Amino acid sequence: MNLHRSNRFRSVLVAASLLVLGACGSDDDPAPIHTLTPGAAYHGTMTPAAPLDVSGSSEAVAINAVAGAGFVFAGWVATPADKAVFEDAGLASAHVFISGDVTIAPTFMVAVADFFVNPRLGADDAAGTSAAQAYRTLTQALAAVAPVKDANPVIALAPGLYNAANGEVFPLVVPPGITVVGDEDNYGAGITIDGAGPMPSWNAIPVALIPSSGAAVRGLSLATSGRFTLAYDPPSGGTGIVLTRNTIAPGSDGGLYVQVAERGLIDDNVWLAGSMTLVAVGGAGNTAVSDNVFNGPVELDDNHVDLGGGAGSSTGHNQFIGNGMSFLSGAGIMARDNHWRHAPPTVSPTFAYGPSEYDMYLAGENTTVDTTGYY
């Protein structure tokens, strides 16, 4: 992680102590008492495990983190950040000086991978091949992984914010066969990719992330200021892509823009509310879409991705619970064994964006959708 250990902490501690003594005014003034509250420790534990009152702002507090099975320590996080000075935020056993009430939490990342990224503690001139020598940006990891893509390497991401201010260059294109993994158990909580850049095939559409054929994106939190959050772009592929256990916030037009969608899997993701979530406008119809929670409508425009019981062997079990109506176009759309707001799902005579009492709109005389097994 390119961790620079020095005596800087001791200097800061001495300076802070002098400031505190000056502020007290006299020996009779009581020393300030601050509370260190342990934060959520996903995939590990920390001590202290309960809130700790610290008497005197110059007192250094010992903290310790232990990673759970399959994970490795990835640094400390303080909230608010200006109330804590760490001896070394990259040490699992460290000391911290607090100058106010603060919550401190350890972070952990997947332990077994080929490349590692840590936006808080990494450096793009590091080796990138271990958690202790992680890159700072996913951009650098994607560039480094390209020459070895035939080995189907895995890139592990530590919690943090992956944005342009931290050095990311958008859109982030995941090469064929590469897996990017964050925290699948928590649907990417705290591992946030936020940004947008022009899609190669259509510069008018800015997106955050473009997975290529055979790529997998697992356990990330995806946000964007662009028109879409993700896109399957023909120049980079679109066959056999896997999206699983992510949290996907839609851009202005949607969460995922699908131009090619063959033999892939879109499974167990949480799609946040927006005008559209999944927008599919091309493909062969055999990408399986299952076990997703859609907090906004979907749009299938002559694209028969398998929403349940179709050519992709989808088991369905998607939840279409957003308050807008889905736009469906094309004959033979398969959407069996899904949960809709209404049972049976309701069909609107006209289409409109925004809140609606209807579940879907069927565009054109030839559009049919099989919702057998609705609940």
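The values are calculated or read from the model by the stated rules, or taken from the named source; none is laboratory data. Since we're looking at a predicted model, the values are computed, not measured. So basically every Cβ, Gly included, is an ideal-geometry build from the backbone, and we count neighbours across all protein chains shown. We work out accessible area using only protein heavy atoms, side chains counted, and drop any ligands, DNA or RNA first. Shrake-Rupley method; radii C 1.70, N 1.55, O 1.52, S 1.80 Å.
Figures for the structure shown
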{"read-out": "Overall form of segment 251-375 per C-alpha gyration tensor (a/c, 1.5; a/b vs b/c)", "value": "rounded"}
{"read-out": "Rounded, prolate or oblate (a/c below 1.5 giving rounded, otherwise prolate when a/b exceeds b/c) for segment 237-279 by Cα gyration tensor", "value": "oblate"}
{"read-out": "The chain: calculated mean residue ellipticity at 222 nm from DSSP helix runs of at least 4, using -39500 (n - 2.57)", "value": "-2000 deg cm²/dmol"}
{"read-out": "Segment VAL347-ALA363, length gained on full extension (0.36 nm per residue, minus Cα span)", "value": "4.7 nm"}
{"read-out": "Average accessible surface area per residue within segment 71-201, 1.4 Å rolling probe, Å²", "value": "37"}
{"read-out": "Prolate/oblate/rounded call for segment 38-82, Cα gyration tensor, a/c under 1.5 rounded", "value": "prolate"}
{"read-out": "Helix axis angle, 8-24 relative to the chain longest principal axis, alpha carbon, degrees", "value": "70"}
{"read-out": "Alpha-carbon centroids, segment 180-203 and segment 327-375: separation in whole Å", "value": "29"}
{"read-out": "Gained length - ALA151 relative to THR37, 0.36 nm times residue gap less alpha-carbon distance", "value": "36.7 nm"}
{"read-out": "Contour excess over end-to-end distance, with Cα ends at TRP202 and ASN323 and 0.36 nm allotted per residue", "value": "40.6 nm"}
{"read-out": "Most mobile of VAL258, VAL270, VAL54 in a GNM of the chain (Cα contacts under 10 Å)", "value": "VAL54"}
{"read-out": "Normalised per residue, the volume of the convex hull around the Cα set of segment 297-367 (Å³)", "value": "77"}
{"read-out": "Distant-in-sequence amide H partners of GLY75 (H built 1.01 Å from N, under 5 Å)", "value": "THR107"}
{"read-out": "Entry for P(r) over Cα pairs in 20 Å bins from 0, in percent (calculated from the structure that is shown) out of (i) 31, 61, 8; (ii) 23, 39, 31, 7; (iii) 27, 46, 22, 4, 0", "value": "(iii)"}
{"read-out": "Signed unit charges on C-beta, dipole axis of the chain, positive-most listed residue TRP340, THR277, PRO32", "value": "PRO32"}
{"read-out": "For the chain, built as a Gaussian network whose Cα springs stay under 10 Å, the top-fluctuating residue of PRO175, PRO30, PRO119", "value": "PRO30"}
{"read-out": "Beta bridges per DSSP with both ends in the chain, % antiparallel, nearest 5", "value": "30"}
{"read-out": "Most mobile listed residue (ILE205, ILE193, ILE178) in the chain, GNM with C-alpha springs under 10 Å", "value": "ILE205"}
{"read-out": "Two-site FRET efficiency, ALA284 against GLU59, from Cβ-Cβ distance with R₀ of 56 Å, rounded to 0.05", "value": "0.30"}
